[in-house]
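Take a look at the structure set out below.
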There are 2 protein chains.
Amino acid sequence: MKMLEERIRKDGIVREGNVLKVDSFINHQMDIGLFEEMAKEWKRLFAGKPINKILTIEASGIGIAAIAAREFGVPVVFAKKSMSINLDQDNYRTQIQSYTHGKIYEVIVSKKFLTKEDHILIIDDFLANGCALMGLLDLVRSAGAAVEGIGIAIEKGFQRGGELIRKQGIQLESLAIVESMNENGEIVFR
Amino acid sequence: MKMLEERIRKDGIVREGNVLKVDSFINHQMDIGLFEEMAKEWKRLFAGKPINKILTIEASGIGIAAIAAREFGVPVVFAKKSMSINLDQDNYRTQIQSYTHGKIYEVIVSKKFLTKEDHILIIDDFLANGCALMGLLDLVRSAGAAVEGIGIAIEKGFQRGGELIRKQGIQLESLAIVESMNENGEIVFR
């Protein structure tokens, strides 16, 4: 998606260790106008799929998922990363390794909000090694729900996540795929 | 706001310890259509204020804030609860006690995204004792930004947060204020 690639070139910052910071428009400050354009693009790419719910994971996926859900006219469910006293005990659970935070999270979705009747579109901001997505797919399968597709804002094409997901035959639509980048700010898109 | 009160009566669940569960439409599964109506109501209530940015806190405020920001035509900044390796070192910080999770969080906003030029509307899902809001106000004041108002979905009117905020002369607009509730599911709104 041209608009997103141009924005990443303009405002993205490449840091040591293959870190791409997009915190000025995606995952700390959120450009809602950009999210609306992304939502429209996913609506076009997943046209005809019987999507009735969007699933994401806290925290930085939630804003993008909310705007996408408005475009699709469906609710969002976000998987939670820790056990709150307000959560039901009746949950699907999985574990996700976060390289960004350097720890393993338990991730939870209430069984009330993910069922075998559901046709799920998964939305998230980043795809790198695929750990978060594998966790979300695990939750969807535990519920017996159908995965209709996955929409990602930015995929790091030089890491393995995208390949692992596509091998499973899932429709994965990443709006910008970074093929390579360096600390001089040069970013090549696929 | 009638529509939100009716929804709370219909789908909210009162649990021991003054817990009001609204996870089927607000803070686990999110009803985006409802959020749009809430956003329109805040737009009406804060009409004429020079709001240029919405501030919220992860995770459950983000969806509501994103839909509200679309209505106001401004970006969202969400305060983060933990130190990620991707965060700038140049942050405003404060501490917030969470009763729901039973711990104290360090809460962080990058100095890049909160400045003395900003006119902030704070949005969050719940107001009870006010700890989270006091933390967000602390961040806004650290930056020298102006607080134009606070929009809350559900205020627990029997706890002290609302009174503490209103005493400061801040325009606080809670769309539903629960005056009392009990485990038989009886909920009285102010």
Practice task
With the checklist (1) small (Gly, Ala, Ser); (2) part of a helix (DSSP H, G or I); (3) within 21 Å of A:Phe25 (Cβ to Cβ) in hand, flag the one item A:Ala176 doesn't pass.
Solution key: (2)
Completion exercise
All-but-one check, A:Asp23 against (1) within 11 Å of another protein chain (Cβ to nearest Cβ); (2) over 19 Å from B:Lys111 (Cβ atoms), failing number (2)
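Please work out which residue is surrounded by the most Cβ atoms within 10 Å (Cβ to Cβ), limiting yourself to region A:88-123 and to residues that are hydrophobic (A, V, I, L, M, F, W, C) and facing chain B (nearest Cβ under 10 Å). Spell out the reasoning first.
Of region A:88-123, the ones hydrophobic (A, V, I, L, M, F, W, C) are A:96, A:104, A:107-109, A:113-114, A:120-123.
Then drop every residue that is not facing chain B (nearest Cβ under 10 Å), which leaves A:108-109, A:113-114.
Details: A:Ile108: 19, A:Val109: 26, A:Phe113: 23, A:Leu114: 23.
My answer is A:Val109.
Considering only residues that are assigned to a helix (DSSP H, G or I) and more than 17 Å from A:Leu4 (Cβ to Cβ), look in region A:149-173 and name the one that is farthest from the chain's Cα centre (by Cα).
Restricting attention to region A:149-173, the residues satisfying the condition of being assigned to a helix (DSSP H, G or I) are A:161-167.
Still in the list and also more than 17 Å from A:Leu4 (Cβ to Cβ): A:161, A:163-167.
Working: A:Gly161: 12, A:Glu163: 15, A:Leu164: 15, A:Ile165: 12, A:Arg166: 15, A:Lys167: 18 Å.
Filtering region A:149-173 for residues that are assigned to a helix (DSSP H, G or I) and more than 17 Å from A:Leu4 (Cβ to Cβ), the one farthest from the chain's Cα centre (by Cα) comes out as A:Lys167.
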Exercise for the section: Would you mind telling me which numbered condition in (1) buried (at least 20 other Cβ atoms within 10 Å of the Cβ); (2) over 25 Å from A:Asn129 (Cα atoms); (3) not β-branched (Val, Ile, Thr) A:Lys53 fails? Expected result: (2)
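Based on what the data block shows, is A:Val140 in a helix (DSSP H, G or I) and more than 15 Å from A:Ser60 (Cα to Cα)? Can you show your working first?
Details: in a helix (DSSP H, G or I): yes; more than 15 Å from A:Ser60 (Cα to Cα): yes.
Spelling it out, A:Val140 is indeed in a helix (DSSP H, G or I) and more than 15 Å from A:Ser60 (Cα to Cα).
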Practice task
Look at region B:29-83 and say how many of its residues are within 23 Å of A:Ile108 (Cβ to Cβ) and out of contact with any helix residue (DSSP H, G or I) (no Cβ under 9 Å at 6 or more places or on another chain).
Solution key: 4
Exercise for the section: Kindly check whether there is at least one residue in region B:141-148 that is within 19 Å of B:Val77 (Cβ to Cβ) and within 11 Å of the chain's Cα centre (by Cα). Expected result: no
Practice task
Answer yes if at least one residue in region A:160-174 is at pLDDT below 95, at positive phi and of a type in the set (Gly, Ala, Ser), and no otherwise.
Solution key: no
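The values are calculated or read from the model by the stated rules, or taken from the named source; none is laboratory data. Note that the structure is predicted; figures quoted are calculated from it, not measured. In this analysis, Cβ positions are derived from the backbone assuming ideal geometry, glycine residues included, and neighbour counts consider all displayed protein chains.
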